Amino acid sequence: MISFEEAKARLHAAGQSHVLQFWAELSAEERSELLDEISQLEPKELLEHCRGAVAAASRQQSADAGLDARMEPVAPEFIGSVRESDKETIQLWDDEGLLQISQNRVAVLLLAGGQGTRLGVSYPKGMYNVGLPSGKTLYQIQAERIQKVQELANLKHGCRCTVPWYIMTSEFTLAPTEKFFKDNGYFGLCPSNVVMFEQRMIPAVGFDGKVILEKKNKIAMAPDGNGGLYRALVDNKILEDMERRGVEYLHVYCVDNILVKLADPVFIGFCVNKGADCGGKVVKKAYPAEPVGVVCRVDGLYQVVEYSEIQPETAELRDPKGELLFGAGNICNHFFTRGFLQEVAKNLEGQLTQHLAIKKVPFVDGEGNLIKPVKPNGIKMEKFVFDVFQFSKKFVALEVPREEEFSPLKNADGAPLDTPTTARRSLLAQHYRWVLAAGGNVLDEQDKPIAPKHRCMAQNEDPSAICEISPLVSYFGEGLEKLLKKKNLKSPFYLDVNEANNILQTT
């Protein structure tokens, strides 16, 4: 730990001497905590960070008027579609993906540094239960999908493979996430294959260029965005761990998508067959002004352009087929080769764009009183995971059906979109489609078949037939016909491994 004099010199060099203004009032423990925090801040980086934040905030935040003219959609040869591809092509991709998984060359990496603030909870989003019949949390659902895809690869290739699960947390989410996994026995996964690591935290800055104190002995810190992944990979020697395990391909995703297909063999196989170093899943925008980023090219380089940066007339443009010209909606679901990540993390990370967020940041005033501001008073800077698309030498995109693969959990119930209710409905509706496709029938409380006209789910109500299928039974709807064909299932119905085994034994 650095000394008080060293801390004082560091802060003076960065123009942040006020951080020590309450030193005389601190206990020995509080002083130790503050010195530890200061020791992690490099003076030059801190000075540049604070100056950059103020400069970014002072610039007028408006759309780049020339951006639209420089935008191009993803070229057809670099985009695939699950919906529009034939079964043989999909099978080819799936086979390739399962082959790579069977050879221990695939890992998944979860971005889980954010708190559940918008959900109205004080714990990490992955611990959230959206109200499924099983009561499973997002973390449990994802862990079980990893187990199932390993099993599929093992059965196909007669081997025993592992898909490591890397989980990037933040200062806020690391401890509760670690405890949650330990308390739940890592949901059946081997603990050594679940690798948690922490992204960096960076100071929140006031409009005067001074870092904000949230306590007398603590600087207000925030995660450096999901684009902080690239520095965290180096800080925590994650790339070395991947190399040691033989991992060549990474599936990177956000924690809040309840429909995410972890280590999706189709996506992995598509990217590998295309020779891609970087790839992204996209969904078709529902309407021109939908508030999602668009995957496209700007000045010949791939990137995600935020909806707010595109002029309305550009968002309305359509191709000869009548589809939105810029309709490839980003869902934070990406493919990277390990070699690409190494190049970015070690040589290119410093070129990533810093994005501005103006926030209300609680602080202590000059008298040491805690103040909760009623209007924005602070600047937080962050990087985005997709900002590395620009460095790709072979970028590809795969368009997937929204109803099958994208239903994010962002807001508390009461909001119009992306709530626990909409996430739950999305999963239950998907599983009901699987039951019908497998030839099963669903009965109501009076043991009467649910009429076909009630088999579609309305946006504002739960599906009439409530069916949940454990990922340990089926990864993505496969293998259900032998279990459910001509079977009468009473809603609500939950198919777990034990129930599946009982059905097989009585068939």
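The values are calculated or read from the model by the stated rules, or taken from the named source; none is laboratory data. This one's a predicted model, so the numbers in the text were calculated from it and none came from an experiment. Every residue, glycine among them, receives a Cβ derived from its backbone with ideal geometry; neighbour counts consider all protein chains shown.
Tabulated results
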item	result
ALA429 vs. criteria outside any loop (DSSP other than H, G, I, E, B) and under 16 Å from the mean Cα position of the chain (by Cα)	no
Number of positions in region 156-197 that are in contact with a strand residue (DSSP E or B) (Cβ under 8 Å, 6 or more places away or on another chain), of a type outside the set (A, V, I, L, M, F, W, C), at pLDDT 95 or above and crowded, with 18+ Cβ neighbours inside 10 Å	4
Region 1-56, subset among the polar types (S, T, N, Q) and outside any helix (DSSP H, G or I), residue surrounded by the most Cβ atoms within 10 Å (Cβ to Cβ)	GLN16
Matching residues, region 275-323, being among the basic types (Lys, Arg) and surrounded by fewer than 20 Cβ atoms within 10 Å (Cβ to Cβ)	LYS284, ARG297, ARG318, LYS321
Single unsatisfied condition, ILE331 versus (1) under 18 Å from VAL82 (Cβ atoms); (2) free of Cβ contacts under 8 Å to residues at least 60 places away in the same chain	(2)
Residue count, region 380-404 (criterion: under 19 Å from PHE336 (Cα atoms), in contact with a Leu (Cβ under 8 Å, 6 or more places away or on another chain) and part of a helix (DSSP H, G or I))	6
Selected residue (only one of ALA204, ALA220, ALA153 is assigned by TED's automatic domain parsing to the domain that holds VAL108, touching a residue at least 40 places away in the same chain (Cβ under 8 Å), buried (at least 19 other Cβ atoms within 10 Å of the Cβ) and touching a Gly at 6+ places or on another chain (Cβ under 6 Å))	ALA204
Flag for PRO373 being free of Cβ contacts under 8 Å to residues at least 40 places away in the same chain, on the phi < 0 side of the Ramachandran plot and not aromatic (Phe, Trp, Tyr)	yes
One residue from GLY126, GLY135 being in contact (Cβ under 8 Å) with a residue 24 or more places away in the chain and either out of contact with any Pro (no Cβ under 8 Å at 6 or more places or on another chain) or more than 20 Å from ASP183 (Cβ to Cβ) (or both)	GLY126
Of all residues making up region 474-492, the number that are closer than 16 Å to ILE503 by Cα and either of a type in the set (Gly, Ala, Ser) or part of a strand (DSSP E or B) (or both)	5
Residue list for region 112-161, filter: in a helix (DSSP H, G or I), of a type in the set (Gly, Ala, Ser) and farther than 22 Å from GLN199 by Cβ	ALA153
Tabulated pairs, region 8-23, first more than 14 Å from LEU47 (Cα to Cα), second surrounded by fewer than 14 Cβ atoms within 10 Å (Cβ to Cβ), C-beta under 7 angstrom, 6+ apart or interchain	PHE22/GLY368
Region 270-300, residues that are under 24 Å from GLU403 (Cα atoms), of a type in the set (A, V, I, L, M, F, W, C) and part of a loop (DSSP other than H, G, I, E, B)	ALA286, ALA289, VAL292
Criterion: closer than 15 Å to LYS393 by Cα, in a helix (DSSP H, G or I) and under 23 Å from the mean Cα position of the chain (by Cα) - qualifying residue of GLN342, GLN303	GLN342
Those residues of region 204-228 which are closer than 28 Å to PHE389 by Cα and outside any loop (DSSP other than H, G, I, E, B), in sequence order	MET221, ALA222, PRO223, ASN226, GLY227, GLY228
Any hit, region 40-50, residues being touching a Gly at 6+ places or on another chain (Cβ under 7 Å) and closer than 30 Å to ARG297 by Cα	no
Those residues of region 126-139 which are out of contact with any strand residue (DSSP E or B) (no Cβ under 8 Å at 6 or more places or on another chain) and buried (at least 20 other Cβ atoms within 10 Å of the Cβ), in sequence order	VAL130, LEU138, TYR139
Leading residue by the ranking (nearest to PHE384 (Cα to Cα)) among those in region 278-295 that are over 19 Å from the mean Cα position of the chain (by Cα) and among the small types (Gly, Ala, Ser)	ALA289
Any hit, region 104-111, residues being assigned to a helix (DSSP H, G or I) and in the same structural domain as PHE270 (by TED's automatic domain parsing)	no
Where THR422 falls short, out of the listed (1) of a type in the set (S, T, N, Q); (2) touching a residue at least 12 places away in the same chain (Cβ under 8 Å); (3) touching a strand residue (DSSP E or B) at 6+ places or on another chain (Cβ under 8 Å)	(3)
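Listed here are the residues, each with its yes/no results for (1) touching a Lys or Arg at 6+ places or on another chain (Cβ under 9 Å); (2) closer than 19 Å to THR353 by Cβ; (3) assigned to a loop (DSSP other than H, G, I, E, B).
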| site | (1), (2), (3) |
| --- | --- |
| SER192 | no, no, no |
| VAL195 | no, no, no |
| ILE202 | yes, yes, no |
| TYR230 | yes, yes, no |
| LEU239 | yes, no, no |
